[in-house]
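Colleague: My structure is below; once you've seen it, I'll send some questions.
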Amino acid sequence: MNHLTSRWFFYFCGMEKEVSTTVKVRFSDCDPIGHLNNVKYLDYMFNAREDHVETFYGFTYEEYTKMTGCTWIAIQNEIAYLKEVRYNTSVVISSKTIEVADRTAKVEILMKSLDEKTIHAVLWVTVIYFNVKTRKSEVHPEEIKETFNKFYVDLEQKDFQSRVKYLRSQNARNS
């Protein structure tokens, strides 16, 4: 295990399975009626995930790529907008791993109200482990798969539409 991998493993071992940060929605990211623009949800959610990896896992994607020659590339995004977000609102963005396979992994990112009772959006991102030099996917190293599996969250809903339906029902129950 090299220095980066052991440091990465150390950070994962002390981690919650779902991590989160709080961000404020900016005026420039909203449409003319004051709602967060649909495209900007992706920016906020991907930026939060990158921050989660750096802050909670203890490395940056850049650092990992320099050390290993590999990174994770998004190959599929599924997003549902459940409740509008307005200008100047602070939201909680959380992320967790929900699927781990030999070459791929899936992360769920939620944008929630500050009290975390309302889900504004849900994003499922499927990533592939990718060797930058060979330009081909690779099997996750066993130590990475083991680490991911330690922090895997087994959702009851196994497909995106079922998850969206469940989160909509939670929103209705909490409103």
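Colleague: What does the net charge come to around F148 if you take all other residues with beta carbon closer than 15 Å to its beta carbon, with K and R at +1 and D and E at -1?
Modeller: Local net charge: -3.
Colleague: Also, I was wondering about something else. Pop a pseudo-label 7 angstrom from the Cα along the beta-carbon direction at both A172 and D29 and give the gap in nm to one decimal.
Modeller: 2.9 nm
Colleague: How many Å² of accessible area per residue for segment 63-175, probe 1.4 Å?
Modeller: 52 Å²
Colleague: Another one. Can you list residues whose amide H is under 5 Å from H120's amide H, if they're 5+ apart or on another chain and H is modeled 1.01 Å from N?
Modeller: For H120, the qualifying residues are M111, K112, S113.
Colleague: Here's something else I'd like to know. Compute the angle between helix 160-174 and the longest alpha-carbon principal axis of the chain, please, reported from 0 to 90 degrees and rounded to the nearest 10.
Modeller: Around 40 degrees separate the two axes.
Colleague: For N149 and N131 in one chain, what is 0.36 nm times their gap in residues minus the Cα-Cα distance, to one decimal in nm?
Modeller: Here the segment from N149 to N131 would lengthen by 4.4 nm.
Colleague: Quick one: angle between helix 38-52 and the longest Cα principal axis of the chain, in degrees between 0 and 90, rounded to 10, please.
Modeller: Approximately 40 degrees, to the nearest ten.
Colleague: State, to one decimal in nm, how far the label point of K17 lies from the label point of S162, with both points 7 Å from Cα in the Cβ direction.
Modeller: Output for this residue pair reads 1.7 nm.
Colleague: Could you give the alpha-carbon Rg of segment 23-117 over 2.2 N^0.38 Å, rounded to two decimals?
Modeller: Cα Rg divided by the expected 2.2 N^0.38 Å: 1.21.
Colleague: When all protein chains stay in place, what accessible area (Å², nearest 10, 1.4 Å probe) is found for K24?
Modeller: Approximately 90 Å² of K24 is accessible to the 1.4 Å probe.
Colleague: With the alpha-carbon atoms as the only input, what is the per residue convex hull volume for segment 19-73 in Å³? Spell out each step's value before the answer.
Modeller: Values: hull volume 5.1 nm³, N = 55.
Per residue, the Cα convex hull of segment 19-73 comes to 92 Å³.
Colleague: On to the next question. What is the extension gain from D43 to F59, computed as 0.36 nm multiplied by their sequence separation minus the C-alpha to C-alpha distance, in nm to one decimal? It would help to have the intermediate numbers written out before the result.
Modeller: Working: separation 16, 0.36 × 16 = 5.76 nm, distance 2.01 nm.
Roughly 3.8 nm would be gained on extension.
The values are calculated or read from the model by the stated rules, or taken from the named source; none is laboratory data. Here the structure is a predicted model, which means the values were calculated and not measured. Note: ideal-geometry Cβ built from the backbone for every residue, glycine included; neighbour counts use all protein chains shown. Areas reflect the complete protein model, heavy atoms only, side chains present, ligands, DNA and RNA absent. Shrake-Rupley method; radii C 1.70, N 1.55, O 1.52, S 1.80 Å.
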